[in-house]
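The values are calculated or read from the model by the stated rules, or taken from the named source; none is laboratory data. Just so you know, these numbers come straight off a predicted model, no measurement behind them. Ideal geometry is used to build each Cβ from the backbone, glycine not excepted, and the neighbour counts take in all protein chains shown. Side chains are part of the model used for accessible areas, which takes the heavy atoms of the whole protein and leaves out ligands, DNA and RNA. Shrake-Rupley method; radii C 1.70, N 1.55, O 1.52, S 1.80 Å.
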Amino acid sequence: MKRPVGPGGATPPPRAPQSAAATPRPVQASKVAKPAKAPQPAKAPKPLKPTRAERKAQKASHRAAAQASQRTRVTPAAPARVDAVGSRVQGIRRPASEPGKPVTPVLTEERKEPRRPARRLTKAQQEAAEAKRKLKEAVKARKAFERDEVRRFTAHLRRRKIIWGSVAGSLAAIMIFVSVGVFTPVLALQTIAVEGATRVPADQIMAALQPQINKPLPLVDMGAVRKAVEAQPLVKSYSTVALPPHTLLIKIVERSPIGYLSVNGNLIMVDPAGVVLEQSTEKTPGIPILTVEGGSAQSKGFAAAVDVINSLPGALAGQLEEVIANTTDDVTLVLTGGARVFWGGPENAAMKNRVLTQLLAVNPVGSVSEYDVSSPKTAVVR
C-alpha cells in the first residue's frame, strides 16, 4: 500500500517506532485511509479603490513630472551587463571580478522644436477677417460719434450746472465772510486814523468817533463818521477806507483859501465857495485881499475874482497882493511892488496870461506901474 503524497509532492518522513508500552490502535480492515487535502494558498487582499481626491492628486503629480521632464531631459546610462567573463558598460569591458561603477546621468538641454510656418489663409478667410476688422472700426467710430453728439446736446446743461455752482459758491463765501465779520470780534474796530489833516484838528474827529470802537468794521455807523467830519468847516471832502482787521482810515481833503475878505477891520479867510476858514488880524503872505462890493462872498464880483485867480499860473498867483472886483467885467490885480494889472472880465484867460507873462519879461515890475491886458490883442503898458 502506497503512502499519500503531501502537498509539496515529497514523501513524508517515516514515523518513529512505537514503544512496547504504547497500546496499539485497532485497525479495521474495511476502512481505507483517505489522502489529506492539500492546503489552499491564502487569497491576496483586494486592493482598495482610490478616492476621487487621490486620483486628482495622482494626475497632478504625473502632469508635474511630465512638465519637469519636458523642461530638462535626463538620459540615463545603460545598465551594466555582468557576464561570467566580464561586463560591458557603454562599450567598455570590465573583468567579472571588478564591481560596476555608478554612472552619472548626463543632462541635456531641451531641444526647441522648429517653428511651424504660418498657415496661409485663403482668399475667403482674408476677406472675412478684413470685413470683421472694418466692422469693429465702424462700431468704434459710431460709439465715438454718439458720445460727441451726447456731449454737444448736453453742453448747455453742463454750463448751467457750472453757473449755478459758481453762484452758490459765491453766495456761500459771502455769507461766511459776513457772518465772521458781524458775529465775531475778528474784524472789530480798534484804531481810527485821519489822513490829510493840516488845519483840521484830527483829534476832535477821533474823539467824536470813540463810541464806534470795538464794533465790527461792517457795522460802523457811517452817519456818525459823516457828522464828525462835517463838523469841521475846513474839510472840503472826505472818504473812508476799512483796513482789516482793526483799522478805519479817514482821508480828508481840506479847503484851500482863496483870499481874505475885509469885514469891519477884520480879515476873514475864505475858500472859493465863500466858506470861512479862519478869522485873523494879520494877512498870510501869498493869499490876496479880495475887495468886492459889500465885502460879501455872495456878491458877483467875488465870483469873478475867484475865476481870475484860478486862471493865473502859480508863479503869478503868488505875487498877488489884492484883487479888486467891483463888477464881473472890471477886475484889477495888484502885484507885489504896487503894479496894477487891468484884467477886465474872466474871458480869454489863456491869451491874457500869455500876454501878461511876455509883458512882465520885457517890462518887469518896478519899471512900469500899469499893465492893461483887458484887450489882449492890443495890450498897453504905462
Filter pass, GLY338 being open to solvent by 40 Å² or more (accessible area, probe 1.4 Å), in contact with a Ser or Thr (Cβ under 9 Å, 6 or more places away or on another chain) and closer than 16 Å to THR291 by Cα: yes
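Answer yes or no as to whether ALA168 is part of a strand (DSSP E or B) and either surrounded by fewer than 12 Cβ atoms within 10 Å (Cβ to Cβ) or small (Gly, Ala, Ser) (or both).
Criteria not met by ALA168.
Table: residues versus (1) in contact with a strand residue (DSSP E or B) (Cβ under 7 Å, 6 or more places away or on another chain); (2) crowded, with 16+ Cβ neighbours inside 10 Å.
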position	(1), (2)
SER237	yes, no
ILE252	yes, yes
SER256	no, no
LEU267	yes, yes
VAL270	yes, yes
query: Which of the residues that make up region 239-250 are open to solvent by 70 Å² or more (accessible area, probe 1.4 Å) and at pLDDT below 90?
result: PRO244
message: Of everything in region 351-380, what is under 18 Å from GLN319 (Cα atoms), open to solvent by 50 Å² or more (accessible area, probe 1.4 Å) and of a type in the set (A, V, I, L, M)? Give them in sequence order.
response: ALA361, VAL362, VAL365
task: Mind listing just one residue for me: the one in region 341-350 that is hydrophobic (A, V, I, L, M, F, W, C) and open to solvent by less than 50 Å² (accessible area, probe 1.4 Å) and, of those, farthest from ASP330 (Cα to Cα)?
output: ALA349
Of all residues in region 288-333 being of a type in the set (Asp, Glu) and closer than 12 Å to GLY259 by Cα, the one that is least open to solvent (accessible area, probe 1.4 Å): GLU322
query: Looking at (1) in contact with a helix residue (DSSP H, G or I) (Cβ under 9 Å, 6 or more places away or on another chain); (2) farther than 29 Å from GLN358 by Cβ, can you tell me which one VAL323 breaks?
result: (2)
message: If I filter region 196-214 down to residues being open to solvent by less than 40 Å² (accessible area, probe 1.4 Å) and among the β-branched types (Val, Ile, Thr), which single residue comes out as farthest from PRO185 (Cα to Cα)?
response: VAL200
- request: Spot the failing condition for VAL225; the list is (1) closer than 30 Å to MET175 by Cβ; (2) surrounded by fewer than 18 Cβ atoms within 10 Å (Cβ to Cβ); (3) among the aliphatic types (A, V, I, L, M), and only one is missed.
  value: (2)
message: For region 335-344, which positions are touching a strand residue (DSSP E or B) at 6+ places or on another chain (Cβ under 7 Å) and part of a loop (DSSP other than H, G, I, E, B)?
response: THR336, GLY337, ALA339
Filter result for the condition that a residue is at pLDDT below 90, under 26 Å from the mean Cα position of the chain (by Cα) and over 30 Å from MET269 (Cα atoms), over VAL167, VAL178: VAL178
- prompt: All but one of (1) free of Cβ contacts under 8 Å to residues at least 40 places away in the same chain; (2) surrounded by 12 or more Cβ atoms within 10 Å (Cβ to Cβ); (3) hydrophobic (A, V, I, L, M, F, W, C); (4) closer than 27 Å to GLY274 by Cβ hold for LEU217; which doesn't?
  reply: (4)
Number of the condition not met by VAL180 [criteria: (1) touching a helix residue (DSSP H, G or I) at 6+ places or on another chain (Cβ under 8 Å); (2) in contact (Cβ under 8 Å) with a residue 24 or more places away in the chain; (3) among the aliphatic types (A, V, I, L, M)]: (2)
statement: Checked ARG152, ARG142, ARG147 against criteria (basic (Lys, Arg), exposed (fewer than 10 other Cβ atoms within 10 Å of the Cβ), at pLDDT 90 or above and part of a helix (DSSP H, G or I)); the one match is ARG152
